[in-house]
Amino acid sequence: MHDALDLRDLVPDEAEQLASAGYPVGDLQARARLAAAAGDLTQLAGIEAELAALHRDPDWPYEEPEPTLLTPATPGEATGARASASTGDAAGALAPSSTGDAAGAFQVVEAPSRAHSTPALADKIRGAWLGRCVGNTMGKPVEGLSRADVRSYLEAAGDWPLTGFVPYVATPPPGITLHPSAVDASAGRFTAVPRDDDLDWTMLGLHLLETYGRELHTEDVAREWLDRMPFTQTYTAERAAYRNLVHGLRSPDTATTRNPYREWIGALIRVDAYGYVSPGNPTEAARLALIDASLSHTANGLYGAQWAAALVAQALVADTITDALGTALTVIPPRSRLADSQRALLDLHEQGCSSDDALDWIDETLPYNWVHTINNAAIITTALLWGGGDYVRTLALCVGAGRDTDSNGATVGSVFGALHGAAAIPSELATAGNGVVRSAVRGFDRITIDELADRTIALIG
């Protein structure tokens, strides 16, 4: 499924990607699926060429520019490409280029660093790492299931709404297939936090910051992928970009060459470490996230990474999740699909709608692939807004929504821990993995959550 080495997946997936992004695909998607089912590689190559020749519908109502990569500046010292923040927000924002053109760049606006290391911040950093590890594990067994199927499974397991780690049922209800990791990631079936790419990438982000600091470049990210991350533990956009690197391509071509997954959630799940080291400076977190995400993603794939990093950074200093979400929204293009859907959810919450109303709206309005950035970011926001400041309820909403449940659980848990601290995560969940995390990243397997937190804190201020 979604094999970056197989034309039978790449071409139908590219047709789906273009259709979702305003391109007049017509019957090409159906033709691609039929050719893939028949194993007709010649026909698939022809369809791929037809797809490449398409142009976006001129009436497309969104503006989704590619952001501009900028180097950090000394606080208060401008660089040539910097613009003024129209909002005047002290936390900074990403602002459109002065041309106002839909294809124009988004540029980083300088913001003063508010990074500082205190006991309270150290607890929040530990809470973020712990929340990420626990939340990821809570979502792993049901990854890829629909909202309805997650509910059916958990009801059969006698745990709806979810109250902790997912129970293991050897014979699920008809038509429901658990993720292969369920055998090792369900309640009572692990003694260390199970390995997952959502955790691997966060550790690799920590390694990148320790190795290159804030002068990180996308080429550095590429180098460390090849050195530290096994190809077999990458998926969708990351696997496509990795394949492109091995073939000698460089960014931004690594993100756009035979990569129909370039707006999926892969970059969003990679960037929490940049938020961890930028407390109160969401602009800097978004800048670092963009450097990383540019290796594999475009458009909403990039925006999702910037948004997530900024959300974590602001959660570390915010009083409420609404504050953090509102600030995170300022670092992405305001007329993008991601921004549009995020504003809609904030409005639904302000209007007093229920979490079911919000999840129904996502189901009806955001019919993207289950691994896309936009619908999964919407689930993250819904869980955080309607979770009521309770970790279990927040994760239950997140996992119960289905789709990319482990990735969403990881981000939701990370943001929750950053906002509330380690003590807000129930001890029976926090201690289940004995504080040890498995990893495929070279040099990180069986690292402890405490060490991850300590090494992160050492990079702040």
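The values are calculated or read from the model by the stated rules, or taken from the named source; none is laboratory data. The structure displayed is predicted, hence computed values, not measured ones. Glycine gets a Cβ as well: all are built from the backbone with ideal geometry, and neighbour counts include every protein chain shown. Protein only, heavy atoms only, side chains kept; ligands, DNA and RNA dropped before computing areas. Shrake-Rupley method; radii C 1.70, N 1.55, O 1.52, S 1.80 Å.
Scanning the range 140-166 for residues being part of a helix (DSSP H, G or I) and more than 16 Å from VAL437 (Cα to Cα) gives a total of 12. Between a residue in the range 275-290 that is assigned to a helix (DSSP H, G or I) and aromatic (Phe, Trp, Tyr) and any residue that is at pLDDT 95 or above and surrounded by fewer than 24 Cβ atoms within 10 Å (Cβ to Cβ), which pairs come within a Cβ distance under 6 Å, given they are 6 or more apart or on different chains? What qualifies is TYR276/THR456.
Give the residues of the range 167-190 that are open to solvent by 70 Å² or more (accessible area, probe 1.4 Å), assigned to a loop (DSSP other than H, G, I, E, B) and within 15 Å of LYS140 (Cβ to Cβ), sorted by residue number. If the condition is that a residue be open to solvent by 70 Å² or more (accessible area, probe 1.4 Å), assigned to a loop (DSSP other than H, G, I, E, B) and within 15 Å of LYS140 (Cβ to Cβ), then TYR168, THR177, PRO180, GLY188, ARG189 are the ones that fit. Could you say whether any residue in the range 443-453 is over 14 Å from THR202 (Cα atoms), free of Cβ contacts under 8 Å to residues at least 24 places away in the same chain and surrounded by fewer than 22 Cβ atoms within 10 Å (Cβ to Cβ)? No; the residues of the range 443-453 include none that is over 14 Å from THR202 (Cα atoms), free of Cβ contacts under 8 Å to residues at least 24 places away in the same chain and surrounded by fewer than 22 Cβ atoms within 10 Å (Cβ to Cβ). Checking each residue in the range 231-265 for being more than 20 Å from the chain's Cα centre (by Cα) and either open to solvent by less than 10 Å² (accessible area, probe 1.4 Å) or under 16 Å from ASP198 (Cβ atoms) (or both) picks out only ASN244.
Entry remark, the range 298-330: residues being part of a helix (DSSP H, G or I), open to solvent by 10 Å² or more (accessible area, probe 1.4 Å) and of a type in the set (S, T, N, Q) number 3 in total. Annotation note: of ASP360, ASP340, the sole residue that is without any contact (Cβ under 8 Å) to a residue 12 or more places away in the chain, charged (D, E, K, R) and part of a helix (DSSP H, G or I) is ASP360. Close Cβ contacts (under 6 Å, 6 or more residues apart or on different chains) running from residues in the range 1-19 that are within 17 Å of VAL246 (Cβ to Cβ) to residues that are open to solvent by 10 Å² or more (accessible area, probe 1.4 Å) comprise ASP3/ASP9; ALA4/ARG239; ALA4/ARG243; LEU10/ARG258.
If you go through the range 191-250 and keep only what is farther than 22 Å from ILE449 by Cα and of a type in the set (Gly, Ala, Ser), you end up with ALA222, ALA237, ALA240, ALA241, GLY248. Look at ILE374 and say whether it is touching a strand residue (DSSP E or B) at 6+ places or on another chain (Cβ under 6 Å), over 20 Å from PRO279 (Cβ atoms), at pLDDT 95 or above and not small (Gly, Ala, Ser). The answer is no for ILE374. Taken as a whole, the structure places LEU295 among residues that are part of a loop (DSSP other than H, G, I, E, B) and either touching a His at 6+ places or on another chain (Cβ under 9 Å) or crowded, with 24+ Cβ neighbours inside 10 Å (or both). How about the range 140-162: which of its residues are surrounded by fewer than 18 Cβ atoms within 10 Å (Cβ to Cβ) and within 22 Å of THR431 (Cα to Cα)? Within the range 140-162, ASP159, PRO161 qualify. Here the condition is being open to solvent by less than 30 Å² (accessible area, probe 1.4 Å), without any contact (Cβ under 8 Å) to a residue 60 or more places away in the chain and under 18 Å from ALA318 (Cβ atoms); of THR394, THR411, it holds for THR394 alone. Among the residues here, PRO333 qualifies as surrounded by 22 or more Cβ atoms within 10 Å (Cβ to Cβ) and either basic (Lys, Arg) or in a loop (DSSP other than H, G, I, E, B) (or both).
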